[in-house]
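What follows is calculated from the coordinates using simple rules that are stated; it is not laboratory data. Please read these numbers as outputs of a predicted model, since none were measured by experiment. Don't worry about glycine lacking a Cβ; one is built from the backbone with ideal geometry, like all the others, and counts go over all protein chains shown.
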Amino acid sequence: MNFKGKSLISIKDLTKVEILHILKTIGHFKKTKNPKLLENFVLGSCFFEPSTRTRLSTEAAMSSLGGKVVGFADPSATSQKKHETLHDSIKIISQYVDILAIRHPQEGSARLASQASKKPIINCGDGANQHPSQTLLDLFTIQETQKKLQGLNIAMVGDLKYGRTVHSLAKALSHFKARLYFVAPMSLQMPRHILNELKVQNVKFSLHDKMENVIKKVDILYMTRIQEERFPDKYEYEKVKNVYVLRPEMLVGAKKNMKIMHPLPRVSEIDFKIDESPHAYYFEQAQNGLYTRQALISLFLGKIN
Ligand code: CP
């Protein structure tokens with residue numbers, strides 16, 4: 001399958017067949033080292049918003065395959081400070097590098113960047129919209145733990161309104177006949193336009209405000225952080241910030257192979273004691289980010305098919 005020159009802006013840019021091919025390629029990179037594959041290629045790492053996992057796993061992916069990285073993690077050290085537009089910045093950077101990874105706080109910024117860029121773009125999160133490379137690592141992790149993707153029961157818990165990871169994941173799971181449980185306070189439930197899309201795809205889902213009601217039913221419990229930085233009104237954040245805290249006693253009666261995932265960072269929504277539980281899988285999930293970004297960069301640079 002030829003991905004050379006492609007960008008990844010939305011998970012909806014990929015067909016089911018393409019998603020499955022990328023997951024297979026991630027598996028290949030998990031098993032195989034190839035320290036020279038991307039020699040002579042340069043990644044532009046453009047992070048206009050804070051990141052630990054996405055930025056460092058993307059940069060480590062490039063370095064571990066022999067490529068080079070240029071970029072920034074602090075936009076105040078770029079000409080954005082002098083009011084350069086995102087369009088102009090990306091147009092210029094794309095002349096210096098072979099592929100770009102971009103995170104930006106505005107919804108739609110990755111699409112705009114792809115229109116300005118001469119080179120492939122990986123959307124590493126555009127505001128509350130999408131985080132498609134996270135979704136690919138999430139799907140890979142789900143498949144790794146459950147030995148299948150089809151027909152699973154999956155709960156998403158927390159900030160479903162502003163959570164770009166759950167927006168992308170819910171859309172992707174519509175390919176795999178998942179039964180979805182959305183657990184959030186009413187004010188942070190999954191946006192109506194995504195629920196409507198799922199209905200059109202005949203995805204079965206239900207809305208809940210308590211996670212206790214769904215833990216025993218699911219194969220994957222996908223926790224998310226209530227994201228203070230996305231709230232226009234800090235008073236609204238204060239009302240919901242501690243609404244979900246997963247504690248060890250709440251896992252009694254869960255399916256034996258139920259796995260807890262989280263895109264991270266975590267604040268208080270998963271008790272630290274759960275890290276020792278056989279259900280906890282969020283650190284392994286984050287590690288899969290490395291292989292996922294190795295696969296995406298290599299595919300988009302045409303160094304692997
Ligand atoms: N999962 C994720 O996007 O984490 P970072 O914000 O640390 O990149």
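How much length is gained on full extension from Thr15 to Val252, taking 0.36 nm per residue of separation minus their Cα-Cα distance? List each step's numbers first, then the result.
Working: separation 237, 0.36 × 237 = 85.32 nm, distance 3.77 nm.
That pair, Thr15 and Val252, stretches by 81.5 nm at full extension.
Sorted from largest down, give the three principal axis spans of the alpha carbons of region 104-194, whole angstrom values.
Taking the Cα atoms of region 104-194, the three principal extents are 40, 33, 17 Å.
With springs only between Cα atoms under 10 Å apart, run a GNM on the chain and tell me which of Thr78, Thr145, Thr135 wobbles the most.
With Cα springs under 10 Å in the chain, the top fluctuation among Thr78, Thr145, Thr135 is at Thr78.
I want to verify the translational diffusion coefficient of region 162-305 in µm²/s; compute it with Stokes-Einstein, Rh as the Kirkwood radius over Cα pairs, at 10 °C and 1.306 mPa s.
94
In degrees between 0 and 90, to the nearest 10, how far off the longest principal axis of the chain does helix 16-31 point, with axes built from Cα atoms?
Its long axis makes an angle of about 80 degrees.
Scan around Ile122 for amide H atoms under 5 Å from its own, H built in the peptide plane at 1.01 Å from N, and keep only partners 5 or more places away or cross-chain.
Under 5 Å from the amide H of Ile122: Leu8, Leu100, Ala101, Ile102.
Can you give me the Kirkwood hydrodynamic radius for region 3-127, using every pair of distinct Cα atoms, in Å to one decimal?
15.1
Can you pull out the trypsin sites (Lys or Arg not before Pro) in region 202-249 that DSSP calls coil and that have at most 13 other Cβ atoms within 10 Å?
Here the sparse-neighbourhood loop sites are Lys210.
At most 13 other Cβ atoms within 10 Å plus a DSSP loop assignment makes a site exposed; report the longest stretch of the chain without any exposed GluC sites (Glu not before Pro).
Value returned for the longest uninterrupted segment is 108-305.
Go from 0 up to the bin containing the longest alpha carbon distance in region 78-147, width 10 Å each, and give me the % of pairs per bin.
20, 43, 24, 10, 3, 0
Gaussian network model of the chain, Cα springs within a sub-10 Å range: biggest mean-square fluctuation belongs to which of Arg293, Arg111, Arg103?
Arg111
Where Rh denotes the Kirkwood radius from the mean inverse Cα pair distance, what is Rg over Rh for the chain?
A ratio of 0.96.
Of Lys171/Lys239; Lys148/Lys210; Lys147/Lys273; Lys161/Lys239, which pairs sit farther than 20 Å apart, going by alpha carbon to alpha carbon?
Lys171/Lys239; Lys148/Lys210; Lys147/Lys273, as the Cα separations exceed 20 Å there.
Nearest 5 percent is fine: what portion of the DSSP beta bridges confined to the chain is antiparallel?
5
Roughly how many debye, to the nearest 20, is the charge dipole of the chain about its Cα centre, given +1 on each Lys and Arg Cβ, -1 on each Asp and Glu Cβ, and no other charges?
1000
Cut-off is 10 Å between beta-carbons; in what order do Ser45, Ser114 appear when sorted fewest neighbours first?
Least crowded to most crowded, the residues run Ser114, Ser45.
What distance in nm separates the two pseudo spin-label positions at Ser268 and Glu229, each 7 Å out from Cα along the beta-carbon direction?
For the pair Ser268/Glu229, the computed spacing is 2.0 nm.
Out of every Cα pair in region 26-86, what percent are spaced more than 18 Å from each other? Can you show the working numbers first?
Details: 820 of 1830 pairs.
Summing the P(r) of region 26-86 above 18 Å gives 45 percent of all pairs.
Round to the nearest 10 and give me the degree value, 0 to 90, for the angle of helix 53-64's Cα axis relative to the longest principal axis of the chain.
Roughly 40 degrees, rounded to the nearest 10.
Stick to the Cα atoms of region 248-292, pair each with every other, and give me the Kirkwood hydrodynamic radius in Å at one decimal.
Radius from the Kirkwood sum: 11.4 Å.
If you line up the long axis of helix 164-173 against the longest principal axis of the chain, both from Cα atoms, how many degrees apart are they, to the nearest 10?
80
Full-extension gain between Asn242 and Lys147, please, as 0.36 nm times their residue separation minus the C-alpha to C-alpha distance.
My answer for the length gained is 30.9 nm.
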